[in-house]
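Worksheet: one structure, shown below.
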Amino acid sequence: MKTKFSLKNQILVGLLMATFGLYSFTFFQGKPWNVPDAYAKKSNPVKSDGESLKNGKELWGKHCSSCHGKAGAGDGSKAAQLETEMQDFAKDVVQKQSDGSMFYKILEGRDEMPTFKKKIPDESDIWSLVNYIRTLKK
C-alpha cells in the first residue's frame with residue numbers, strides 16, 4: 001500500500017529534518033568558548049625559543065597528552081572517556097586563536113577541561129605551553 005504525503009506534509013517533514021540536522025551539527029560542535037577581551041588581546045610575553053618549547057613539550061606530556069594526544073590530534077588515552085569532543089590542535093580552528101585565548105582556556109578550564117591555575121602556577125609556563133601548541137600544526 002502506497003501512502004501519499006501532501007506537499008504540505010512533505011515540506012513539514014523536510015523542515016523538521018533540516019532543523020534536527022542543524023541542531024545536531026551545532027550540538028556536536030560544542031558550545032562556543034567565549035574568552036574575555038582582556039585575555040584574547042594579551043600578547044605572549046615568552047619568546048618561542050628552544051627553552052620555551054622544551055618546557056612546553058614537557059608540560060604537554062605531563063598535563064595535556066592524556067586527553068589531547070601526543071601530537072594534539074585529540075586521541076589521548078582518556079579522550080574516549082570524555083563527553084567533550086577533542087579538537088585536533090593542528091587545525092585552523094585551534095591555530096587561529098590568539099595566544100591570549102589559548103592562555104585563558106588553559107588557565108581557567110571549562111567543563112571537562114580542568115583549570116591549570118594550581119597545577120601550572122607559573123604563568124610563564126602556561127605561555128610556554130601555548131608556544132608548544134603552535135608547533136602542532138601539520
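A short reminder: the numbers here are calculations on the coordinates, not readings from a lab. The model shown is predicted, which means the values in this text are computed figures rather than measured ones.
Here are the numbers for the structure shown:
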read-out	value
Listed residue pairs exceeding 22 Å between alpha carbons, taken from Lys41/Lys119; Lys91/Lys119; Lys57/Lys105; Lys54/Lys117	Lys41/Lys119; Lys91/Lys119
Percent of C-alpha pairs per 5 Å bin, the stretch 42-138, short to long	3, 14, 25, 29, 21, 7, 2, 0
Theoretical gain in end-to-end length, Ala38 to Ser98 [0.36 nm per residue, Cα-Cα removed]	20.4 nm
Whole-Hz ³J(HN,Hα) from phi, Karplus 6.51 cos²θ - 1.76 cosθ + 1.60, for the stretch 119-127, glycine and proline x	6, 10, x, 7, 4, 5, 5, 5, 4
